Amino acid sequence: MFRTAAVTSRFCQQLIRKRELGSQWTSGLTQSSSNVAAIGTSRRTAHSQGINVTRSLSTSQPKLQSEEVEVTFVRANGERVKAKGKVGDSLLDVIVNNNIDFEGFGACEGTLTCSTCHLIFSKPDYDRLPEKPSDEELDMLDLAYELTDTSRLGCQIMLSKDLQGLEVRVPATINDARS
């Protein structure tokens, strides 16, 4: 894409120089009478003289097709909160992006320095998680209240299509390991 713009710009400059030198530059070109009447050295001059300068540039990011995954968070009182996140988001991102109010949840903003995003998974859901907890995550989990064998930190669980319909329990109390 950028090469096209550079080639087009170079072509325009060469065309202008050839015209300024008075040469008849016709080899390899299909030209109309208005395409070769340029004088000057800028693209603006070339354009004003009838030479079309085409640029193919895009400054926007391509839109990625991101699939959504539905997750259900179950509060300690049994209330079920459904939310959607995009593949690649962490469970902490899902809670933040959906403005779900879990008191104190994610205090360290996913930097793995607290245990406030502690979540409890069912055994089958825990077993289908793509990665096992790291040593750093296990150290933080040791400080969490209501710790179970299927506990994980939400900031460390990345959504994938395989986690569609995931259900996790949010403990009643949190322990901010930073304090």
Pairs of alpha carbons in region 71-169 whose separation is greater than 20 Å (percent): 29
Two-site label geometry, residue 74 and residue 135: point separation in nm, points 7 Å out along Cα→Cβ: 3.4
Trypsin sites (Lys or Arg not before Pro) restricted to DSSP loop in region 88-179 with at most 13 other C-beta within 10 Å: 128, 178
Counting DSSP beta bridges with both ends in region 71-169, the antiparallel % (nearest 5): 70
Accessible area of region 90-142 belonging to carbon and sulfur atoms, whole % at 1.4 Å probe: 46
Average accessible area per residue (Å²) across region 73-112 - probe 1.4 Å, nucleic acids and ligands excluded: 57
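The values are calculated or read from the model by the stated rules, or taken from the named source; none is laboratory data. Being a predicted model, the structure only gives us computed values, none of them experimental. Ideal geometry is used to build each Cβ from the backbone, glycine not excepted, and the neighbour counts take in all protein chains shown. Keep in mind that these areas ignore ligands, DNA and RNA; they rest on the heavy atoms of the full protein, side chains included. Shrake-Rupley method; radii C 1.70, N 1.55, O 1.52, S 1.80 Å.
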